[in-house]
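All of the numbers you see were taken from the coordinates with simple rules; none came from a lab. Model, not experiment: these values are computed from the prediction. Here the Cβ positions follow ideal geometry from the backbone for every residue, glycine too, while neighbour counts run over all protein chains shown.
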Amino acid sequence: MHYPQHTQKLIETNLFCTLNKRQFITIPKVIRNRLHLEAGSELTISMLHGSKDLLVQKPAKHTLENIMVLSNRGTVRIPQELKRYLCLQAGDLFHIYLSADERFIVLKYCMNHFPL
């Protein structure tokens, strides 16, 4: 699996998130605190090559990625084109991994259509 160049080590968080009906996931508060994210923080969400896993991180200064904004509830919208391309559905479950340098999270796809 391909991760950003600056690190490849991921830390198991034992946390999960679920894609809701409005295409949002909630990033747990403990993770938001570790990444220094607050309401209004800009994030990019991209897919990792060859999987349904998603990479969530603060955007680089000049990026062509979609920039999504973290809500005051800690939710962020998954871009529509990713949802379509990866065939994601409401109820899909992701296991949350934190990079060792606390610069990004990886949402590892767990299963299709977890009951809401």
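Mind listing whichever residues of the stretch 62-92 are of a type in the set (Lys, Arg) and in contact (Cβ under 8 Å) with a residue 24 or more places away in the chain? Within the stretch 62-92, Arg73, Arg77, Lys83 qualify. When the residues of the stretch 77-95 are filtered to those that are hydrophobic (A, V, I, L, M, F, W, C) and farther than 13 Å from Thr18 by Cβ, the one that is farthest from the chain's Cα centre (by Cα) is Cys87.
Of the residues making up the stretch 39-56, those that are on the phi < 0 side of the Ramachandran plot and either out of contact with any Leu (no Cβ under 7 Å at 6 or more places or on another chain) or among the hydroxyl-bearing types (Ser, Thr, Tyr) (or both) number 6.
Take the conditions (1) basic (Lys, Arg); (2) over 15 Å from Cys17 (Cα atoms); (3) in contact with a Gly (Cβ under 6 Å, 6 or more places away or on another chain); Arg32 misses just one of them, which is (2).
Scanning the stretch 59-116 for residues that are surrounded by fewer than 15 Cβ atoms within 10 Å (Cβ to Cβ) and among the charged types (D, E, K, R) gives Lys61, Glu65, Arg73, Glu81, Arg84, Asp101, Glu102, Arg103.
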